[in-house]
1. So, ASP20, is that one among the acidic types (Asp, Glu) and touching a helix residue (DSSP H, G or I) at 6+ places or on another chain (Cβ under 7 Å) or not?
2. Test ALA66 against the stated conditions and say whether it is out of contact with any helix residue (DSSP H, G or I) (no Cβ under 6 Å at 6 or more places or on another chain), in a helix (DSSP H, G or I) and of a type in the set (A, V, I, L, M, F, W, C).
3. Here is a list of conditions, (1) exposed (fewer than 11 other Cβ atoms within 10 Å of the Cβ); (2) assigned to a loop (DSSP other than H, G, I, E, B), and THR76 meets all of them except one; can you say which number that is?
4. Could you please find all residues in segment 28-54 being of a type in the set (D, E, K, R), modelled with pLDDT under 90 and under 20 Å from TRP73 (Cβ atoms)?
5. Tally the residues that are closer than 25 Å to ASP58 by Cβ, exposed (fewer than 15 other Cβ atoms within 10 Å of the Cβ) and modelled with pLDDT under 85, restricting the search to segment 1-27.
Amino acid sequence: MLYNLIVGSLPFKFENEAEDQDEIKQQILLGRIDTKNPNYEHASPAFKDLLRQLIEIDPDRRISAADALHHKWFATNVQPVKVSDK
């Protein structure tokens, strides 16, 4: 979702509709995303670093959700939201 919000498209490329699901599944399992998208190419190094850590296929090396929220990209690009107790 983060890729889609920042880049404006899905992170996976596929050649034809008949192969969509199998191709996307393969790309997910291999941790491959579309890095040729011009919007991705212009994204900040911090965003690319966070994304690489989020799509790491080795669960022992993948960043946790809690750690991701403390990543430099979030710290410099996202304003904290105060939640009301009401």
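1. Spelling it out, it is not the case that ASP20 is among the acidic types (Asp, Glu) and touching a helix residue (DSSP H, G or I) at 6+ places or on another chain (Cβ under 7 Å).
2. Answer is yes for this residue.
3. (2)
4. Hit for segment 28-54 is ASP34, nothing else.
5. Total satisfying the criteria: 5.
For (1) in contact (Cβ under 8 Å) with a residue 24 or more places away in the chain; (2) over 14 Å from VAL7 (Cβ atoms); (3) aliphatic (A, V, I, L, M), each residue gets a yes or a no:
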site	(1), (2), (3)
GLN27	no, yes, no
LYS36	no, no, no
ILE57	yes, yes, yes
ARG62	no, yes, no
LEU69	no, yes, yes
PHE74	yes, yes, no
VAL81	no, yes, yes
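The values are calculated or read from the model by the stated rules, or taken from the named source; none is laboratory data. Keep in mind that this is a model prediction, so the values were computed, not measured. Every residue, glycine among them, receives a Cβ derived from its backbone with ideal geometry; neighbour counts consider all protein chains shown.
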